[in-house]
Amino acid sequence: MTIVYDDEPDADEIPVRRIRFTINGAKKVAEVEPRLLLAHLIRQGLKLTGTHTGCDTTNCGACTVLVDGKPVKSCTMLAVQVDGHEITTVEGLATASELHPLQEGFKEEHGLQCGFCTPGMMLAAKALLDHNPDPTEEDVRWALSGNLCRCTGYQNIVKSVLWAAEKLRS
């Protein structure tokens with residue numbers, strides 16, 4: 001893990017902390033500043049750019065990832081908080097040979113337009129489906145209520161999640 005500074009810091013000025021975590025099934029060790037946000041560790045440090053940052057205030061949900069299976073907004077979570085935990089990003093959904101049913105559902109039911117919110121939507125939906133494999137439309141809408149989409153109007157996103165739920169059950 002590389003940390004880049006504008007000027008040469010004194011060794012005493014910038015404390016770093018070693019953290020160990022698993023991301024998308026791979027064990028990692030990183031040295032991070034205590035103030036580094038999880039979203040920045042994921043995007044800049046690990047080069048996993050599927051996690052988007054939109055608002056930096058937890059309002060939009062574009063940065064949603066799973067930490068130990070629970071959806072979190074990575075734009076306001078510190079990287080040091082994932083020490084010893086498991087993270088899943090959108091890159092961790094598919095295998096090398098096939099899409100995850102949520103990814104298929106978004107394709108089949110036209111659940112995306114610009115795609116900016118899609119990774120966060122998929123991970124919030126994954127947390128729902130892992131907990132409730134047979135959700136109602138209301139369950140899906142509630143689970144996704146912390147994620148904003150400015151393009152689709154949500155109906156096709158909800159249909160995409162319900163499509164994935166059906167596929168996962170069969």
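The values are calculated or read from the model by the stated rules, or taken from the named source; none is laboratory data. Just so it is clear, the model here is predicted, and its values are computed rather than measured. Neighbour counts are summed over all protein chains in view; Cβ atoms, including those assigned to glycine, are modelled from backbone coordinates with ideal geometry.
Residues that are touching a strand residue (DSSP E or B) at 6+ places or on another chain (Cβ under 9 Å) and at positive phi do occur in region 80-94. Counting residues in region 83-90 that are modelled with pLDDT of 95 or more, more than 24 Å from Leu162 (Cβ to Cβ) and hydroxyl-bearing (Ser, Thr, Tyr) gives zero. A count restricted to region 104-130 and to residues that are at positive phi and either free of Cβ contacts under 8 Å to residues at least 24 places away in the same chain or hydroxyl-bearing (Ser, Thr, Tyr) (or both) stands at 1.
Within region 73-96, can one find any residue that is charged (D, E, K, R) and farther than 25 Å from Leu46 by Cβ? No, the conditions are met nowhere in region 73-96. Quick one: in region 36-51, of everything that is among the small types (Gly, Ala, Ser) and not in a loop (DSSP other than H, G, I, E, B), which residue is surrounded by the fewest Cβ atoms within 10 Å (Cβ to Cβ)? Step by step, filter region 36-51, then rank; the result is Gly45. For residues in region 147-170 being touching a residue at least 60 places away in the same chain (Cβ under 8 Å) and surrounded by fewer than 17 Cβ atoms within 10 Å (Cβ to Cβ), which is nearest to the chain's Cα centre (by Cα)? Here the answer is Leu168.
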